[in-house]
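Asks: Sending over a structure as structure tokens; questions will come in a sec.
The values are calculated or read from the model by the stated rules, or taken from the named source; none is laboratory data. The structure presented is a predicted model; accordingly, all values stated were derived computationally and were not measured. Don't worry about glycine lacking a Cβ; one is built from the backbone with ideal geometry, like all the others, and counts go over all protein chains shown.
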């Protein structure tokens, strides 16, 4: 069963709890790069002085996906017979293999967020993607803070005044987007 067929089956069954979708993964890919082992060997450093079997290297295609957070994931496609080599097909297979490696990474990150008290599963968020749910929860945290504290942030950025007046907001946001240590924080 292909990814689109699986996705259609999930939607048809009404399974709406938070999950990673193919669209979430696509949205997390910042850039993609392709090359053959031949191209890598030609422009890379030489480990041995022995001549490489350049024909074999031309049959191995790599895909490097750079994720939005800067992490890289690789996939490869190896063709056995030179007569069957097709560059576009090799790139497609290498990308599929790299794409498949992102599922467990994003799945772990989602499970981690769901385990956080901030991201307790809420039936009101059923049917939305993980990215939409995260954005909605961040917006709700900020709205609640502004209403309670009546502190407004400049349009571009919030300054240290907000951090001093509202450590609860900063802590809540850090739980969602990752921990940020201010330069004057003590080492733990």
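Asks: When you look at residue 34, is it within 28 Å of residue 84 (Cβ to Cβ) and at pLDDT 90 or above, yes or no?
Replies: Criteria met by residue 34.
Asks: To continue, here is another question. Considering every residue within the stretch 4-18, establish whether at least one is in a strand (DSSP E or B), buried (at least 16 other Cβ atoms within 10 Å of the Cβ) and in contact (Cβ under 8 Å) with a residue 24 or more places away in the chain.
Replies: The answer is no; no qualifying residue exists.
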